[in-house]
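I have placed the structure first, in the form of structure tokens, so that the comments after it can refer back to it.
The values are calculated or read from the model by the stated rules, or taken from the named source; none is laboratory data. Everything numeric in this text was worked out from a predicted model, so none of it was measured. With ligands, DNA and RNA removed, areas are computed over all heavy atoms of the protein, side chains included. Shrake-Rupley method; radii C 1.70, N 1.55, O 1.52, S 1.80 Å.
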Amino acid sequence: MSKIRLENLTKRYGVVEVLHGINLDMAPDEFTVLVGPSGCGKSTTLRMIAGLESVSSGEIYVDDTPVSHLDPKDRDLAMVFQDYALYPHMDVARNISFALRLQKRPKAEIAAKVREVADLVGLTDFLSRKPGELSGGQRQRVAMARALAKDSSIFLFDEPLSNLDAKLRGQMRAELALMSQRVRKNMIYVTHDQIEAMTLADRIVVMEGGHIQQQGTPEELFKRPANRFVAGFIGSPPMNFLNGTLTETPTGLAVQGDGFAITLPEWAGRDLASSASREITLGIRPSDLRFDPEAPEGAGFDLNVRVSEYIGAQSVLLCDCGSVSFTVEVKSETPIALGEKLRFGCQAEALHLFDKTSGQAVLNNKHP
């Protein structure tokens, strides 16, 4: 069980710096997910931990021991790649046991380990097959079994599900979650898919532009995003954003903008009284809006409904709020007429406010 610490980790390619002093602690037995858009530095960070990329400056510690100077084979870790990286001429059993055979382990020990991990990932009936005779999901299980067979203290996953179709990704996510519960090791997982991050992680690390934007539990990042980038990246459908101005009204402090005016509760007004900026971006998640024709002024949004996407129990409405596109998630039986202007209410506790210039949160899903 290993504790991993990244201290001022920097990566440069020539004069271009792509990672800017990353500091991150990963506890033993923790499933950590690095998530962000393409080019944010998440895979580079993982490859530096694995030893596949050199460290420009800073250090990687495993149990307080610096390892950035060590070769990958000396770091006591196993890695699962995006493209499976299986040997096509070897059957499943020999692919799983490859690292053990290189270590010249006893044959009986190798056979027992292969049976153990094959049972763990559901491959017991496929040990004699070649990779070409397996489905994509089965090949990914072989790659995971090969990593598990090494019995390393650290497991690294580099977008392992990105080549699978949507249904199979959902199935493999569930299997990965079960596996992480049974195999209590430090796991670091890289993905651009925030659904994978939310469903798998003990802790999510959101990256963008070579910086860590925020880290925390899935619930913390969903309910209390530190800035607009995290708020827009975490959650599906993504959060709606409306630019507005903090204004004093007879009923209290309000956010007013193109096509909307939302009165803030007294507790929110107290928190924002000392805010240096009056220019605000209001955020509201699609699931926090409710169809409410009786919602009073200052407590709802008047939206022009353009498209309704039926997805079963829920429908996703694509609307206009003034000149801004707006998304609402409602129950499918909600009476919605396309092309009409309808009123949707929201609870004050569900509002998020961000400084328009810096993007930092100034009011964040806070209850009185």
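Would you mind telling me the share, in percent, of accessible area of the stretch 4-233 contributed by carbon and sulfur at probe 1.4 angstrom?
Working: 5110 of 10260 Å².
Percent of accessible area from carbon and sulfur atoms in the stretch 4-233: 50.
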Projected convex hull area of the stretch 240-363, Cα atoms, direction-averaged, in nm², equals 7.5
Diffusion coefficient, µm² s⁻¹, Stokes-Einstein with Kirkwood Rh over alpha-carbon pairs of the stretch 94-234 at 25 °C and 0.890 mPa s
147
Picking from E349, E159, E340, which is most flexible by a Gaussian network model of the chain using Cα springs under 10 Å?
E340
Applying the Karplus parametrisation 6.51 cos²θ - 1.76 cosθ + 1.60 with θ = phi - 60° to the phi angles of the stretch 319-330, what ³J(HN,Hα) value in whole Hz is obtained for each residue in order, glycine and proline being reported as x?
10, 10, 10, x, 9, 10, 5, 9, 10, 10, 10, 10
Along each principal axis of its Cα atoms, how long is the stretch 185-284 end to end? Whole angstroms, biggest number first, please.
57, 25, 24
Across the stretch 150-156, in residue order, what do the Karplus-derived ³J(HN,Hα) couplings come to in whole Hz, using 6.51 cos²θ - 1.76 cosθ + 1.60 with θ = phi - 60° and x for Gly and Pro?
5, 6, 6, 8, 10, 10, 10
Spatially proximal lysines relative to K3 (Cα-Cα < 21 Å; intrachain offsets below 8 disregarded)
K42, K73, K150, K185
List the residues, sorted by chain then number, that are 5 or more residues from L253 or on another chain and whose placed amide H is less than 5 Å from its amide H.
L264
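Starting from the eigenvalues of the Cα gyration tensor, five times each then square-rooted, give me the equivalent ellipsoid semi-axes of the chain, largest first, whole Å. Before the final figure, lay out the partial values.
Values: eigenvalues 431, 129, 47 Å².
Those come to 46, 25, 15 Å.
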Mind listing the long-range amide H neighbours of N227? Cut-off is under 5 Å, sequence gap 5 or more, other chains count too, H placed in the peptide plane at 1.01 Å from N.
A361
For a quick check, take a GNM of the chain with Cα springs below 10 Å and name the residue from Y84, Y310, Y189 with the largest mean-square fluctuation.
Y310
List every residue whose amide H lies under 5 Å from the amide H of Q213, counting only residues 5 or more places away in sequence or on a different chain, with H placed 1.01 Å from N in the peptide plane.
V206, M207, E208
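Relative contact order, percent, of the chain when contacts are C-alpha pairs under 8 Å separated by at least 6 residues?
Values: 756 pairs, mean separation 56.0, N = 368.
In percent, rounded to a whole number, it is 15.
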On a C-alpha basis, how far is the centre of the stretch 65-98 from the centre of the stretch 148-172 in Å? Whole number, if you could?
13
